[in-house]
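For reference, the structure discussed in these notes is given below.
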Amino acid sequence: MTPEEIGARLAEAVTGAQAGVSGGGAYARAVVDVPAGSWLPALTAARDELGCDFFDWLSAVDELDAGYDVVAHLWSTSARHGVLVRTRVPVDGASLASAVDVYPGAAWHERETYEMFGIGFPGPLEPLLLPPEFEGHPLRKSFVLASRVAKPWPGAKEPGESETGSKRQAIRPPGVPAPGEWGPAS
């Protein structure tokens with residue numbers, strides 16, 4: 001089956017789903033966007049109707065004010081085709097039904113997605129990669145990169161810092177507040 005056929009078949013099986021195809025030419029995948037309430041029915045349909053018996057990965061993408069896109073990549077080992085199932089959850093109270101009952105291998109990925117993005121899933125979500133005392137969710141675009149504020153960049157000089165170059169003002173990387181706004185007092 002082509003990615004277009006795979007996406008159309010899954011979209012027919014799930015209420016409110018919209019199918020598309022990712023980029024990548026010969027390596028393109030079907031991408032099916034589903035409402036958050038149809039997350040589990042979409043994963044179940046991919047497993048039962050498309051033969052996607054292999055759960056590859058689950059993660060999220062921070063779309064700023066629009067919310068978080070949660071994406072699961074599923075693969076059929078017998079038919080050798082894959083599908084990306086994607087849903088969006090709001091920024092405030094971001095949570096989603098757990099995929100563990102459909103794909104038991106999703107447990108680790110849900111813990112990581114909770115830890116890195118703050119998207120809640122039912123069940124125990126103990127720290128996986130970060131120490132328990134860590135505050136915040138480091139893959140959110142709003143997360144402040146504290147190390148760039150507390151310690152100067154050790155690499156090449158930033159634009160405007162060279163003695164021979166132009167007198168441009170130094171530029172801070174995105175997400176890094178001005179030195180007087182955050183961090184230790186000078």
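The values are calculated or read from the model by the stated rules, or taken from the named source; none is laboratory data. All values derive from a computational prediction rather than experimental measurement. Because the Cβ atoms are built from the backbone with ideal geometry, glycine has one as well, and the counts that use them run over all protein chains shown. In case anyone asks, the SASA skips ligands and DNA or RNA and just uses the protein heavy atoms, side chains included. Shrake-Rupley method; radii C 1.70, N 1.55, O 1.52, S 1.80 Å.
Some points to look at:
- Residue list for region 74-126, restricted to those being touching a residue at least 40 places away in the same chain (Cβ under 8 Å), under 14 Å from L58 (Cβ atoms) and among the basic types (K, R): R86
- Qualifying residue in region 36-49 (condition: in contact with a Ser or Thr (Cβ under 6 Å, 6 or more places away or on another chain) and among the hydrophobic types (A, V, I, L, M, F, W, C)): yes
- Options D56, D101, D65: the member that is open to solvent by 70 Å² or more (accessible area, probe 1.4 Å) and touching a Leu at 6+ places or on another chain (Cβ under 9 Å): D101
- Just one of the listed residues (G37, G16, G25, G20) is open to solvent by less than 70 Å² (accessible area, probe 1.4 Å) and either under 19 Å from the mean Cα position of the chain (by Cα) or within 19 Å of G123 (Cα to Cα) (or both), and it is G20.
- Residue ranges of helices (runs of 4 or more DSSP H) in region 1-118 with at least 2 members of a type in the set (G, A, S) and touching a strand residue (DSSP E or B) at 6+ places or on another chain (Cβ under 9 Å): 3-13, 39-49
Yes/no per residue for (1) surrounded by fewer than 19 Cβ atoms within 10 Å (Cβ to Cβ); (2) among the hydroxyl-bearing types (S, T, Y); (3) more than 20 Å from V32 (Cβ to Cβ):
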| residue | (1), (2), (3) |
| --- | --- |
| S76 | yes, yes, no |
| V83 | no, no, no |
| E110 | no, no, no |
| P124 | yes, no, yes |
| L139 | yes, no, yes |
